[in-house]
């Protein structure tokens, strides 16, 4: 998609060398999300330059994302022929499932092992906003952050790939409680239970993330992506399988280092 098309949907993508920054840019509605934005995010993921090593996801203004734009659930529609979630109710179960699959691709690309994804979260990260933050490898938050999985309050379930990383971060029981009650998780708790890596005063957040990005892009290209591959799914593998993957990854790194040294 072109820059103009992305901007029209409320997305801004800036690539500076090895770092891509994706900004939800609808501050007038607290960066509420739409199905068109999810499709656009999937397109962004497919077209990121190969040399990108870090992707930062943030919201414009003082909040990350208030979640789904409520107009997408209005039976009266939006008045401008936009694709809406409520419009799915007129379709077959198969079409609904296939459409949600398309939406989910706007979130799953952030797990790509070739880069590390960081959610820089201020203010509210609700519903789809929470799930977008959960899609990232690392969450760095401001001390005013408010995470909430609001889907249950609407009679729905989280369906934008947030359930698996939430369980991985905080465990099954806590994840169930957070999702089922739709309660708010603040900054201190989010760090304590493993939902966020760290919390900082809002005016320090940019510098903290900048320092982390610099650290992640400092190693020789390929090191961080190989490490991410090893760690992804490690809990689901037995030791022998993990040992094999470590050996194979290290062999590739030996070859890469030797090539860089002219050996």
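The values are calculated or read from the model by the stated rules, or taken from the named source; none is laboratory data. Being a predicted model, the structure only gives us computed values, none of them experimental. When we count neighbours, we look across all protein chains shown, and the Cβ atoms used for this are built from the backbone with ideal geometry, even at glycine.
One table, with the values for the structure above:
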read-out: Residue within segment 10-26 that is in the same structural domain as residue 64 (by TED's automatic domain parsing), surrounded by 15 or more Cβ atoms within 10 Å (Cβ to Cβ), under 15 Å from the mean Cα position of the chain (by Cα) and in a loop (DSSP other than H, G, I, E, B) present; value: no
read-out: Single residue of segment 226-263 satisfying the filter (more than 30 Å from the chain's Cα centre (by Cα) and in a loop (DSSP other than H, G, I, E, B)) that is surrounded by the fewest Cβ atoms within 10 Å (Cβ to Cβ); value: 262
read-out: Any hit, segment 42-52, residues being surrounded by 13 or more Cβ atoms within 10 Å (Cβ to Cβ) and without any contact (Cβ under 8 Å) to a residue 40 or more places away in the chain; value: no
read-out: Filter pass, residue 94 being assigned to a loop (DSSP other than H, G, I, E, B) and either over 20 Å from residue 113 (Cα atoms) or touching a residue at least 24 places away in the same chain (Cβ under 8 Å) (or both); value: no
read-out: Conditions (1) touching a helix residue (DSSP H, G or I) at 6+ places or on another chain (Cβ under 7 Å); (2) touching a residue at least 12 places away in the same chain (Cβ under 8 Å): number failed by residue 167; value: (2)
read-out: Lone qualifier among 147, 130, 107, 115 - being out of contact with any strand residue (DSSP E or B) (no Cβ under 9 Å at 6 or more places or on another chain) and either surrounded by fewer than 20 Cβ atoms within 10 Å (Cβ to Cβ) or within 25 Å of residue 54 (Cβ to Cβ) (or both); value: 107
